[in-house]
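Heads up: the structure comes next, in structure tokens.
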Amino acid sequence: KYSFGENIVFKKSGEFRGEIFLIWGAIAIILGIYKGDDLYEAGQKVLELAQDFRGKKGPRIDYKTKAMGAREVVDVLWTIRTAMSFKLTDIDDLTLCYGIVESFAEFLSKQVDHISLEHNISGLCITGSLFESSKLLEHSYINISKNHNTYFNKGLPLDEANLGFGIIYTDTQK
């Protein structure tokens, strides 16, 4: 059911939305949710299917981090394996994609909690083009706002312009 050739080659097109978007694209391609090899389009497919989901809960996809030098990064293989285990139970693509997005929102919330233990965070501004997905934005906001003041810059869109403004503002506050 899930056989691959010797090499899997992915291509990237479209706007870059971050590493997690590429991970979602790889999951969609590997699990046959998206037919093709374009990581951007495949990641977009995950968001579209998650957006169309009308149920209550998706499967719990694990987003673990691992040390890579001085940074913590998402363990890509672990995340793909978790999604694959649900796909092998014949879960439908709509529910699986919703679980991928919903679980990432919960992961973000836990990461913010972890960071706030090490740094004095008085509030958090949600921004970035990935949050143009209303499902991701809604779940992220609900989870993060339980423990943190959460803000939106209503004068700018949720894209990189807003992110850039936030970086400049933060830098001037030092």
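Read-outs: derived from the displayed coordinates by stated rules, not from any lab. Note that this is a predicted model, so its numbers are computed, not measured. A quick note on method: Cβ atoms are made from the backbone with ideal geometry, for glycine too, and the neighbour counts reach across all protein chains shown.
The peptide list 92-101, 106-115, put in order of mean Cβ contacts within 10 Å with the highest first, becomes 92-101, 106-115. The Cβ shell under 9 Å around Asn143 holds other residues with a net charge of +1, Lys and Arg each +1, Asp and Glu each -1. Peptides 41-54, 60-73 ordered by packing proxy, namely the average of other Cβ atoms within 10 Å per residue, highest first: 41-54, 60-73. Counting Lys and Arg as +1 and Asp and Glu as -1 over every other residue whose Cβ lies under 11 Å from the Cβ of Val101, the net charge comes to -3. Let me know the shape class of region 94-146, please: from the alpha-carbon gyration tensor, a ≥ b ≥ c as square roots of the eigenvalues, rounded when a/c is under 1.5, otherwise prolate if a/b is greater than b/c, or oblate. Here region 94-146 falls in the prolate category.
Tell me, how many Å apart are the Cα centres for region 19-56 and for region 82-145? Centre-to-centre (Cα) distance: 15 Å.
Taking amide hydrogens as placed 1.01 Å from N in the peptide plane, the amide H of Tyr151 sits under 5 Å from those of Leu124, Cys125, Ile126, each at least 5 positions away in sequence or on another chain. For region 51-64, backbone phi angles converted through the Karplus equation (6.51, -1.76, 1.60; θ = phi - 60°) give residue-by-residue couplings of 5, 7, 5, 10, x, 9, 9, x, x, 7, 8, 7, 10, 9 Hz, Gly and Pro being listed as x.
The Trp78 and Phe152 beta-carbon pair, evaluated with R₀ = 25 Å, returns a calculated FRET efficiency of approximately 0.20. Residues whose amide H comes within less than 5 Å of that of Lys64, counting only those at least five positions distant or on another chain, are Asp75, Thr79 (H built at 1.01 Å from N in the peptide plane). Apply 1/(1 + (r/R0)^6) to the Cβ-Cβ distance of Gln111 and Ser85, taking R0 = 22 Å, and write down the FRET efficiency to the nearest 0.05. After rounding, the FRET efficiency stands at 0.45.
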